[in-house]
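Participant: Shown below is the structure under consideration.
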Amino acid sequence: MPQISQLADTYFSQVFWMLVFFGLTFFIVGRGMVPKVMATMADRNQRIAADLAAAEAGRAAAEAEQEAWFETEAQQRARAHELVSAAKHQAAQATYTSLADASARIDAQVSAAETRINDARKAALGEFEVIAADVTQDIAQRVAGLSVSADDARGAVKGAFAHG
Amino acid sequence: MAVEAKVDPMHQFAIEPLFGSSNWAIAGHNVAFTNSALWMALATVVLVVFVLGGLKREVVPGRWQMAVESFTGFIDSMLATNVGPNGKKYVPYIFSLFMFILFANFLGLMPLGLFGIHPFTFTSHFTATGVLSIMSFAIVLVVGFAKHKLHFFSLFVPHGTPVAMVPPIFFVELISFLVRPFSLGLRLFVAMMAGHVLLEVLSSFVISGGNAGPILFAVAGVPSFVLMVGICALEILVAGIQAYVFALLTCVYLNDAENLH
């Protein structure tokens, strides 16, 4: 077993070189490089945490924005609704007014026309009386040889017209 | 057969000075640059290159950076769970310890023999693992006494011990505490050596079975080879587990020093 049989000859060299090379490892790698590697990792973790926090803040802001937008939208909707109903009301009123106007105009026209019709009828009846009186005078002349005055004929005809 | 094939399973652990450095000495002690020292150097270089590749400091890491970061993150979380927030300052030491042992174990398992290079697993020498375990133990002692002064001895008396039991419990706990550096270093050394001996013994079966003729090769050589493949996979697992155990136990001991009970 060389570990024991060579012990007396080699122990000092073994210990010496072990200390030398482990010392080099410790100071170059352990003290020199490892802290830098760890710092890189810490930086990265910090950055990731910061990014996550920023993303979270952004999300919260977006949600608040959305909430505000919903509120504005609801308000605008309500206002639009009000406007629409007001317009509807106005339009209905305008329709009602113009309808009333139109019907008044039509009523006036109708009554004027009725008056005109009555007048015409009266005038026509007057004509009939005159014609009937003339005819009556004529008939009395021819049939009975009587000369009836125009006024008498008129009176006779009038009575018939009045009853007739 | 001209030459009798002889496989010495222990030869792989032999330490030999390289580059004619066998006479190097400091204060009368021999510090020859051995094959063991060469593989320590290689582990250091490979580890430096590995971590250097992860030092690009990009926000979105590539594969290499991801690999290095997963190792540092692994050590960081191990210290966080075992020691707590006070453990952060030990990350450089535990990381160096874990990665150095891990790379040493893996490099020793590399099939470089195919290219004529013989890997040497210096973690299979208790002179090497002992340095690491004594270092860990020394840190525990220094931190413990610096932080808690003589209160550190209360570590050996668990809460709720009856007064009459305090001396024997203290004695038993003290022994178990003092055994820690030995168990720490020997565990790694034994695990690595056992695996390599097993592989070497099995490979000797393959070689001598092959030399002894086709029947013996089929009966002993081929099954041994299949078993070797499986054990190689197991050894890769052991290499990782032993590095992990060493680092984890150091964390547990540091927790005693940092937080007592």
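Values quoted throughout were computed directly from the atomic coordinates according to the rules given, and no laboratory measurement underlies them. Keep in mind that what you see is a predicted model, and the values were worked out from it rather than measured. Note that we place each Cβ from the backbone using ideal geometry, even for glycine, and neighbour counts take in every protein chain shown.
Participant: Any idea how far apart A:Arg59 and B:Leu234 come out in nm if each label point goes 7 Å out from Cα toward Cβ?
Facilitator: So the two model labels end up 5.2 nm from each other.
Participant: If you don't mind, another one. What spacing in nm lies between the two simple spin-label points modelled at B:Val60 and B:Ile134, each 7 Å away from Cα in the Cβ direction?
Facilitator: Here the answer is 5.1 nm between the modelled labels.
Participant: On to the next question. Taking beta carbons within 10 Å but only from partner chains, what does the mean come to for residues B:94-106? Numbers along the way, then the final one.
Facilitator: Details: counts 2, 9, 11, 4, 0, 4, 8, 1, 0, 1, 2, 0, 0.
The shielding value for this peptide is 3.
Participant: Also, I was wondering about something else. How shielded is B:67-74 by partner chains, expressed as the average number of their Cβ atoms within 10 Å of its Cβ atoms?
Facilitator: Counting Cβ atoms of other protein chains within 10 Å of each residue's Cβ and averaging gives 3.
Participant: Once every DSSP H run of n ≥ 4 in chain B is given -39500 (n - 2.57) and the sum is divided by its residues, what mean residue ellipticity at 222 nm do you get, rounded to the nearest 500 deg cm²/dmol?
Facilitator: About -22500 deg cm²/dmol.
Participant: Please report, in whole Å, how far the alpha carbons of region A:2-163 spread along each principal axis, starting with the longest.
Facilitator: The Cα atoms of region A:2-163 stretch 194, 28, 20 Å along their principal axes.
Participant: For chain B, calculate the relative contact order in percent as a whole number, restricting contacts to Cα pairs under 8 Å that are 6 or more residues apart.
Facilitator: For chain B, the relative contact order is 24 percent.
Participant: Between B:Ser70 and B:Arg187, what's the calculated FRET efficiency when r is the beta-carbon distance and R0 is 30 Å? Round to 0.05.
Facilitator: 0.75
Participant: Partner chain Cβ atoms within 10 Å, averaged over the residues of A:34-45 - can you pull that number for me?
Facilitator: Details: counts 15, 3, 5, 14, 9, 1, 11, 9, 0, 2, 6, 0.
That average works out to 6.
Participant: I'd like to compare B:235-244, A:41-50, A:118-127, B:141-150: which one has the highest average count of other Cβ atoms within 10 Å, and what's the full order after that?
Facilitator: B:235-244, B:141-150, A:41-50, A:118-127
Participant: Another question about this same structure. What distance in nm lies between label points placed 7 Å from Cα along the C-beta direction at A:Arg105 and B:Ile215?
Facilitator: 13.7 nm
Participant: Sticking with this one: Under the rule of -39500 (n - 2.57) per DSSP H run of 4 or more residues, summed and divided by the residues of chain A, what mean residue ellipticity at 222 nm is obtained, to the nearest 500 deg cm²/dmol? Show your work: numbers first, answer last.
Facilitator: On the way: 4 runs with 146 residues, N = 164.
Computed mean residue ellipticity for chain A: -32500 deg cm²/dmol.
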